[in-house]
Ligand SMILES: Nc1ncnc2c1ncn2[C@@H]1O[C@H](COP(=O)(O)OP(=O)(O)OP(=O)(O)O)[C@@H](O)[C@H]1O
Ligand SMILES: [Mg+2]
């Protein structure tokens with residue numbers, strides 16, 4: 001680390017209608033340092049970083065770069081000062097190519113001021129290659145998976161060659177392999193003297209990569225400390241401001257009749273002869289690496305994608321879903337992986353989003369029971385501890401993690417017989433995770449069937465009654481709760497077919 005801090009933010013305050021997002025927050029980051037910024041959902045992490053990147057003005061406070069006071073009033077000014085940001089919410093334009101997104105607003109000029117497309121795509125290819133991303137820079141963003149979009153965001157920020165690099169939850173959608181590549185790259189940039197601010201809810205990786213950690217709670221700084229001096233538990237306790245109880249509050253549920261049966265489901269190139277059952281009261285974990293076909297499976301069950309062959313039976317009745325609407329009618333709920341695109345109406349209120357799928361339940365004789373809608377929505381907001389100034393707040397103004405809780409709330413509210421959760425705790429803080437696990441556990445106890453897709457092994461092991469492992473569109477292993485071991489699961493996810501327990 002060099003002597004003085006490269007970047008200092010002093011006494012930053014920021015208020016939004018109804019919320020004091022930041023109160024006198026100061027942070028100093030050195031060149032050649034990876035500084036983690038952590039805290040619960042809604043603690044103010046993204047807001048602090050958006051102020052640094054020129055997205056919002058602070059109400060008060062000062063920013064210093066290399067000891068000089070700077071004023072940053074927009075993203076371009078931040079970029080000129082060498083500050084770049086990878087946003088938590090993707091900031092890519094879906095209908096244009098990867099290359100155009102990476103160089104948006106600064107296309108290389110060629111002959112007669114025309115855009116030099118060859119150079120643009122070549123340069124883009126070079127950046128992608130350095131990240132070991134095998135994508136064609138001419139592909140459109142809208143055709144990419146969430147993980148690939150995340151890698152493009154990272155490529156875009158790196159192309160700016162900044163002295164301060166802000167990464168707001170860059171790993172939440174990545175596979176372990178991609179995370180390893182990203183971390184190697186972060187270390188390289190650190191050695192070149194870049195100051196990196198890294199936001200993540202995964203405390204293990206924070207411990208692994210960060211030199212120092214700053215913890216925010218409710219818009220205030222709790223402390224800054226050397227990462228090696230704090231244990232994972234100490235960090236979690238400092239974040240939530242109390243001792244955490246058990247992380248996986250799984251309750252015993254009575255496992256009953258088969259509620260959902262999948263027989264020989266095939267979809268060319270995606271799903272290869274998938275068969276399994278889900279029983280009442282059961283939490284069925286589906287583990288696999290990104291790209292293993294888990295989301296495709298969920299989409300096929302939910303009627304979002306058609307299948308080539310195979311059958312779906314609900315309580316022994318064969319069903320065919322032509323759209324998610326049919327699936328919802330049959331009692332299936334799904335919390336999708338990509339929540340901002342598929343799960344939320346961002347310009348609508350918290351209340352509207354939570355009650356939308358279940359509105360039909362609140363109507364009698366064609367009239368809406370407004371009071372009941374409000375009551376139920378406010379119950380969910382409490383249960384999931386959604387941080388919002390009111391039920392009328394537009395969802396777009398909630399923090400990333402709180403938006404995700406709204407998607408969960410809306411499906412929990414509908415009380416489906418079968419609930420499919422695709423990465424239910426991605427981007428959610430440790431405290432809220434435990435709350436969500438306890439809600440999932442309650443649902444199972446009530447006799448619902450839950451399919452929980454996850455890339456997080458601890459949550460799969462902690463919550464599932466049974467675990468299916470997928471690789472390349474197939475089920476490669478199945479484990480009961482008692483026989484599940486991390487090593488076996490990882491092997492199966494890597495493609496080793498395990499027939500022992502089938
Ligand atoms: N544009 C906005 N308008 C109104 N309120 C906002 C806006 N942006 C953030 N907030 C509020 O400010 C507080 C801090 O939000 P912020 O996004 O900084 O949290 P965060 O720490 O990044 O959380 P997460 O881990 O969920 O991403 C929250 O209560 C949020 O609802
Ligand atoms: Mg955030």
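The values are calculated or read from the model by the stated rules, or taken from the named source; none is laboratory data. These numbers come from a predicted model, not from an experiment. Cβ coordinates were reconstructed from backbone atoms using ideal geometry, including for glycine residues, and neighbour counts include every protein chain displayed.
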**Fill in**
Residues of segment 2-40 being more than 16 Å from ligand 1 (Cβ to nearest atom) and either at positive phi or surrounded by 17 or more Cβ atoms within 10 Å (Cβ to Cβ) (or both), in sequence order, are 5, 6, 7, 8, 11, 28, 29, 30, 31, 32, 33, 34
**Request:** Would you point out the residue of segment 47-90, among those that are touching a helix residue (DSSP H, G or I) at 6+ places or on another chain (Cβ under 6 Å) and free of Cβ contacts under 8 Å to residues at least 60 places away in the same chain, that is surrounded by the fewest Cβ atoms within 10 Å (Cβ to Cβ)?
**Result:** 56
**Request:** Quickly run through segment 394-419 and pick out the residues that are at pLDDT 85 or above, away from ligand 2 (no atom under 16 Å from the Cβ) and surrounded by fewer than 21 Cβ atoms within 10 Å (Cβ to Cβ).
**Result:** 394, 417
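For segment 172-188, indicate whether the set of residues that are within 16 Å of ligand 2 (Cβ to nearest atom), touching a helix residue (DSSP H, G or I) at 6+ places or on another chain (Cβ under 9 Å) and modelled with pLDDT under 95 is non-empty. First the steps, then the outcome.
Going residue by residue through segment 172-188, those that are within 16 Å of ligand 2 (Cβ to nearest atom) are 172-173.
Filter again for touching a helix residue (DSSP H, G or I) at 6+ places or on another chain (Cβ under 9 Å), leaving 172-173.
Adding the requirement that they be modelled with pLDDT under 95 leaves 172-173.
Checking segment 172-188: at least one residue is within 16 Å of ligand 2 (Cβ to nearest atom), touching a helix residue (DSSP H, G or I) at 6+ places or on another chain (Cβ under 9 Å) and modelled with pLDDT under 95.
Rundown of residues vs (1) more than 16 Å from ligand 1 (Cβ to nearest atom); (2) part of a helix (DSSP H, G or I); (3) within 20 Å of the chain's Cα centre (by Cα), yes/no style:
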| site | (1), (2), (3) |
| --- | --- |
| 132 | yes, no, no |
| 166 | no, no, yes |
| 174 | yes, no, yes |
| 180 | yes, yes, yes |
| 185 | yes, yes, no |
| 188 | yes, yes, no |
| 196 | yes, no, no |
| 206 | no, yes, yes |
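Hey, among 266, 223, which residue is surrounded by fewer than 17 Cβ atoms within 10 Å (Cβ to Cβ), away from ligand 2 (no atom under 16 Å from the Cβ) and within 30 Å of residue 305 (Cα to Cα)? Quick ask: steps written out before the conclusion?
On the way: 223 fails: within 30 Å of residue 305 (Cα to Cα).
Answer to the selection: 266.
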**Item:** Which numbered condition residue 269 misses (of (1) modelled with pLDDT of 95 or more; (2) farther than 30 Å from residue 430 by Cβ)
**Value:** (1)
**Filter result (surrounded by fewer than 22 Cβ atoms within 10 Å (Cβ to Cβ) and farther than 18 Å from residue 256 by Cα) within segment 434-453** = 434, 435, 438, 439
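Being closer than 21 Å to residue 467 by Cβ, surrounded by 14 or more Cβ atoms within 10 Å (Cβ to Cβ) and either in contact with a helix residue (DSSP H, G or I) (Cβ under 7 Å, 6 or more places away or on another chain) or not assigned by TED's automatic domain parsing to the domain that holds residue 470 (or both) narrows it down to one of 196, 209, 274, so name that one.
Details: 196 fails: closer than 21 Å to residue 467 by Cβ; 209 fails: closer than 21 Å to residue 467 by Cβ.
When all the criteria are applied, what remains is 274.
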**Prompt:** Does any residue of segment 435-442 turn out to be more than 23 Å from residue 489 (Cα to Cα) and within 16 Å of ligand 1 (Cβ to nearest atom)?
**Reply:** yes
